[in-house]
Amino acid sequence: MHIQSVFLFDLDGTLVDSVYQHVMAWMEALDSEGIELSVWRIHRKIGMSGGLFTDQLLRETGLEITPELLSRLRARHTEAYKRNIASVKPLPGARELLASLTAGGIPWAIATSGRIETAAANLDALGVDASKVPVVTRDQVRYAKPDPDLFLTAAERLGAPIENAVVVGDSIWDMLAARRCRALGVGLLSGGYGQDELERSGAVRVYEDPRDLLKHLDEVGGRR
């Protein structure tokens, strides 16, 4: 009996080339509060939920974490990111990959740790209509990655068991979340994480970017 796979995609660094715009937006937000933190430390946490992300960053600085500070940081990050949205483009092969899945009758959805205020612009850049495709954002679940809520909700909206899902992401947080909900994790190098890191976090296959995944789609169950 053939089991129909469904694909659940992260957004930033997986389908759109936006990781470094997020990094610099967080850097600007932190600078505005006089918080000094190296760029590489920020990059290592992209892909987590914004709240968990800022909690961890501020823990490293030893500063007192208040709800007011977290709210200001999130708002300033969103503002800074939106100023650079024109530079955010789909990753090579992203549109073609999604079109190929649609043409092949393979269901897919997007599950992102980003909130709708930044995710909406990314979806526009990608040409995805959220009224036609299930899109789950941080606003819609209790916990974001590395918790599996985003992917569980996306699979539910597709009407598929999570065990039939292929989770495609660029960060260790995506792979950890996939492992926790018993989905198949597939990693992409387009967000800046290395192959060994993704594999150690649970990726069963790692490809360069969406274009490379499209070439090898049959290896991860991408057929009707």
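The values are calculated or read from the model by the stated rules, or taken from the named source; none is laboratory data. Quantities reported herein were computed from a predicted structural model and do not represent experimental measurements. Note that each Cβ is placed from the backbone with ideal geometry, even for glycine, and that neighbours are counted across all protein chains shown.
Quick notes on this one:
- The residue of region 74-90 that is surrounded by the most Cβ atoms within 10 Å (Cβ to Cβ), among those that are of a type in the set (A, V, I, L, M, F, W, C) and under 13 Å from His22 (Cβ atoms), is Val88.
- Qualifying residue in region 163-179 (condition: more than 16 Å from the chain's Cα centre (by Cα) and among the acidic types (Asp, Glu)): yes
- Count - residues of region 188-208 that are aliphatic (A, V, I, L, M) and without any contact (Cβ under 8 Å) to a residue 24 or more places away in the chain: 3
- Filter result for Ser100 (outside the structural domain of Ala183 (by TED's automatic domain parsing) and assigned to a helix (DSSP H, G or I)): no
- Lone unmet requirement of (1) within 24 Å of Asn84 (Cα to Cα); (2) at pLDDT 90 or above for Asp139: (2)
- Looking across region 138-167, the residues that are in contact with a strand residue (DSSP E or B) (Cβ under 8 Å, 6 or more places away or on another chain) and either among the aromatic types (Phe, Trp, Tyr) or buried (at least 21 other Cβ atoms within 10 Å of the Cβ) (or both) come down to Ala144, Lys145, Pro146, Leu150, Phe151, Ala154, Ala155, Ala165, Val166, Val167.
- Residue that is farthest from Val186 (Cα to Cα), among those in region 1-44 that are surrounded by 14 or more Cβ atoms within 10 Å (Cβ to Cβ) and among the small types (Gly, Ala, Ser): Ser32
- Any hit, region 82-99, residues being more than 19 Å from Trp26 (Cβ to Cβ), over 18 Å from the mean Cα position of the chain (by Cα) and in contact (Cβ under 8 Å) with a residue 60 or more places away in the chain: yes
- Enumerated helices (runs of 4 or more DSSP H) restricted to region 123-224, each holding at least 1 residues that are farther than 17 Å from Gly47 by Cα: 149-158, 195-200, 210-215
- Scan of region 148-199 for residues that are at pLDDT below 95 and aromatic (Phe, Trp, Tyr), ordered by number: Trp173, Tyr193
- Of the numbered criteria (1) of a type in the set (A, V, I, L, M, F, W, C); (2) outside the structural domain of Val133 (by TED's automatic domain parsing); (3) crowded, with 18+ Cβ neighbours inside 10 Å; (4) touching a residue at least 24 places away in the same chain (Cβ under 8 Å), the one Leu63 fails is (3).
- Residue among Ile106, Ile110 that is of a type in the set (Val, Ile, Thr), at pLDDT 90 or above, more than 27 Å from Gly34 (Cα to Cα) and under 16 Å from the mean Cα position of the chain (by Cα): Ile110
- Index of the failed condition, Leu52 passing every other in (1) crowded, with 20+ Cβ neighbours inside 10 Å; (2) within 18 Å of the chain's Cα centre (by Cα): (1)
- Residue match in region 18-29 (condition: touching a strand residue (DSSP E or B) at 6+ places or on another chain (Cβ under 6 Å), farther than 16 Å from Glu79 by Cβ, assigned to a helix (DSSP H, G or I) and among the aliphatic types (A, V, I, L, M)): yes
- Selection over region 34-46 of residues that are in contact with a helix residue (DSSP H, G or I) (Cβ under 8 Å, 6 or more places away or on another chain) and either part of a helix (DSSP H, G or I) or modelled with pLDDT of 90 or more (or both) gives a count of 4.
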